[in-house]
Amino acid sequence: MQYTKPMIELVFEIRRRVPADMKPAVKLANPELLDELVLHHRNSKDVICQTLIKELLQLAGDPWDHALADVEHDEAIAKRPRQVTKVYRGQVTLEEAPPKRDGENPRPKRVYRGQVID
């Protein structure tokens, strides 16, 4: 999908308003950006953020402008395999993400000089 300038500005504003744990997912390079924003819209209590997401989905076009009203859309998102972008020597590829396991931290542990960093 091609992002227009107003859509890009909305994504930047939404990124400022989402919680810190969701900020890594709110990027233009994320192929599942709009799916994740639909899920966040339903769980969020921030009215301004909900309005910005709704406006972004309306600008996105036909499949997305009705996504907030569809209950089946959540089921379709849950069934579809997640994808992540990998960059190797300038080549960008989409790969299936490993399935999330319950109780595990989705972020890998970072280690600096033998000490785990949070």
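The values are calculated or read from the model by the stated rules, or taken from the named source; none is laboratory data. Remember, predicted model here, so these are calculated numbers, not experimental data. Please note: Cβ atoms are built from the backbone with ideal geometry, for glycine as well, and neighbour counts cover all protein chains shown. Ligands, DNA and RNA are excluded from the accessible area calculation, which covers all protein heavy atoms including side chains. Shrake-Rupley method; radii C 1.70, N 1.55, O 1.52, S 1.80 Å.
Within the stretch 1-33, being of a type outside the set (A, V, I, L, M, F, W, C), in a loop (DSSP other than H, G, I, E, B) and closer than 14 Å to Asp46 by Cα holds for one residue alone: Pro19.
Do you know which residues across the stretch 31-56 are open to solvent by 30 Å² or more (accessible area, probe 1.4 Å), within 23 Å of Gln83 (Cβ to Cβ) and in contact (Cβ under 8 Å) with a residue 24 or more places away in the chain? Correct list: Pro31, Leu39, His41, Arg42.
Across the stretch 34-67, the number of residues qualifying as of a type in the set (Ser, Thr, Tyr) and not in a loop (DSSP other than H, G, I, E, B) comes to 1.
Would a scan of the stretch 85-108 turn up a residue that is at pLDDT below 85, assigned to a helix (DSSP H, G or I) and open to solvent by less than 100 Å² (accessible area, probe 1.4 Å)? There is no residue in the stretch 85-108 that is at pLDDT below 85, assigned to a helix (DSSP H, G or I) and open to solvent by less than 100 Å² (accessible area, probe 1.4 Å).
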